[in-house]
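A short reminder: the numbers here are calculations on the coordinates, not readings from a lab. Note that the coordinates shown come from a computational prediction; the quantities given were computed from them, not determined experimentally. So basically every Cβ, Gly included, is an ideal-geometry build from the backbone, and we count neighbours across all protein chains shown.
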Amino acid sequence: MRFQYAGTGGELLGEAFVGLLLTMITFGIYAPWFYCRMLRYFSSKTTGGPTAHGQLRVEFNGDGGSLFGVIFVGALLTMITFGIYGAWFACRLTQYLCDNTAVVGQDGTRYQVQFRGQGGDLFGKMIVGYLLTMITFGIYMPWFLCQMRKWFYDQSTIVANGQQAGRLEFFGEGGELFGTFLLGMFLTIITCGIYKSWFDVTLAQYWARHTRIQLNGQQYAMDFDGDGAELFVLNLVGRLLTMLTLGIYSAWWVTNVVKFDVEHYVYRRLG
């Protein structure tokens, strides 16, 4: 199964223009509403299938007022605690996004991810991860990234129509990722950023191939079959045309990259 993205650059330009304008004239206050507007747009243009429940559509039902409260309180407490509250803020924001996002089948089955991670638990893991990354001069980073992804997955369950139906699993290890990460960083630096598209695709493949989805007693594997050369061309053309059009083409650039990301993920049932 794959998802498809049907958005266009012209549509996105219209959505983004209004949102950016309102954000500027309200001195940033409209930003949460703008963010929700964008999520609703991207979700409405995303469908998937085939599945036993028919075609799937993605919904986002969050509103800017609720998100404003989450961001205002989270940012304020993060600042006055010198970053300590950041872990609680990340959990609250993740919970908000999960609670307001759903994948709905043609038969009405409504799938959501429930996230119930606690900031105190995340804070401890982040502190250890940051310290080990610093004292190893960045070498620990692959282990840190794997542990963070595993933690977020472990705190999440999949529900169908409000009833628990499955869970997410991540089984990647830092030792496996280390070589890929080191080579990717090295090649990105020595090519002055040119290799970054290939590095991004390699990481997407690693995250996908080390993820399992347990749903209704079935196990599903993920893969990412995008190509670094294709992404490089999308980014190169996007940057050039965005500069030549004084930013106008950025809506088409974003659309092409989102389409690339969404449509190259593959979901397969195992067994």
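How long is the gain from residue 98 to residue 82 if the chain were fully straight, where each residue apart is worth 0.36 nm and the alpha carbon distance is subtracted?
So the chain would gain 3.1 nm between residue 98 and residue 82.
What's the Kirkwood radius of region 51-93 in Å, using all Cα pairs? Show your work: numbers first, answer last.
Working: mean 1/r = 0.0810 Å⁻¹.
Evaluated over region 51-93, this radius sits at 12.3 Å.
With the convex hull built on the Cα atoms of region 1-146, state its orientation-averaged projected area in nm².
Average of the hull's projected areas for region 1-146 equals 11.6 nm².
What does the C-alpha gyration tensor say about the overall shape of the chain? Classify as rounded when a/c is under 1.5, otherwise prolate if a/b is larger than b/c, or oblate.
Since a/c stays below 1.5, the shape of the chain is classed as rounded.
Take the Cα pairs of region 178-271, get the Kirkwood Rh, then feed it into Stokes-Einstein at 25 °C and 0.890 mPa s and tell me D in µm²/s.
Translational D for this selection: 165 µm²/s.
Which of these, 32, 50, 142, has the largest mean-square fluctuation under a Gaussian network model of the chain (Cα springs below 10 Å)?
50
Run the paramagnetic zone check for residue 209: 7 angstrom along Cα to Cβ, then residues of region 150-168 with backbone nitrogen under 14 Å.
none
In terms of modelled amide H atoms, which long-range or inter-chain residues lie less than 5 Å from the amide H of residue 165?
When sequence neighbours closer than 5 places are left aside, the close amide H contacts are 158, 159, 160.
If one computes the Cα centroid of region 3-46 and of region 126-162, what distance in Å separates the two points?
Their Cα centres are 30 Å away from one another.
Tell me, in nm to one decimal, what length is gained between residue 116 and residue 131 on full extension, where the rule is 0.36 nm per residue of separation less the Cα-Cα distance? If you can, show how the numbers build up before the last one.
Numbers: separation 15, 0.36 × 15 = 5.40 nm, distance 2.53 nm.
2.9 nm is the gain from fully extending residue 116 to residue 131.
Whole-Hz Karplus ³J(HN,Hα) for region 19-29, in order, using 6.51 cos²θ - 1.76 cosθ + 1.60 and θ = phi - 60°, x for Gly and Pro?
Working through the residues one at a time gives x, 5, 4, 5, 5, 5, 6, 9, 6, x, 4 Hz.
For the chain, calculate the relative contact order in percent as a whole number, restricting contacts to Cα pairs under 8 Å that are 6 or more residues apart.
After rounding, I find 18 percent.
Give me the dipole magnitude in Debye, nearest 20, for the chain about the Cα centre, with unit charges on the beta carbon: positive for Lys and Arg, negative for Asp and Glu. Can you show the working numbers first?
On the way: 19 positive and 18 negative charges, 50 e Å.
The dipole magnitude comes to about 240 debye.
Just want to confirm a number: the relative contact order over region 1-55, from Cα pairs under 8 angstrom separated by 6+ residues, in percent.
Values: 38 pairs, mean separation 30.4, N = 55.
Once normalised by length, the contact order is 55 percent.
Which FRET efficiency value, to the nearest 0.05, do you get for residue 269 and residue 185 by plugging their Cβ-Cβ distance into 1/(1 + (r/R0)^6) with R0 = 30 Å?
For R0 = 30 Å, the calculated efficiency reads 0.30.
Straight-line reach from residue 125: which lysines fall under 24 Å, measuring Cα to Cα and dropping same-chain residues less than 8 apart?
In chain and number order, the partners are 150.
Just name one of 67, 266, 191: the one whose Cα is farthest towards the positive end of the charge dipole of the chain (beta-carbon charges, Lys/Arg +1, Asp/Glu -1).
Toward the positive end, the furthest listed residue is 67.
What chymotrypsin sites (Phe, Trp or Tyr not before Pro) does region 1-39 have in DSSP loop regions with at most 12 other beta carbons within 10 Å?
27
Name the most mobile residue of 97, 39, 187, meaning the one with the largest mean-square fluctuation, in a Gaussian network model of the chain with Cα contacts below 10 Å.
Of 97, 39, 187, the Gaussian network model singles out 187 as fluctuating most.
For region 49-95 and region 213-271, compute the distance between their C-alpha centroids and round to whole Å.
22
Starting from the Cα-Cα distance between residue 167 and residue 66, subtract it from 0.36 nm times their residue separation and give me the gain in nm to one decimal.
Extra length from residue 167 to residue 66 when fully extended: 33.7 nm.
Go ahead and estimate [θ] at 222 nm for the chain from helices alone: -39,500 (n - 2.57) per DSSP H run with n ≥ 4, summed, over the residue count, rounded to 500. If you can, show how the numbers build up before the last one.
Values: 10 runs with 155 residues, N = 271.
Here the helix-only value at 222 nm equals -19000 deg cm²/dmol.
For region 19-176, with only Lys/Arg (+1) and Asp/Glu (-1) charged at the beta-carbon, what is the dipole magnitude about the Cα centre, in debye rounded to 20?
240
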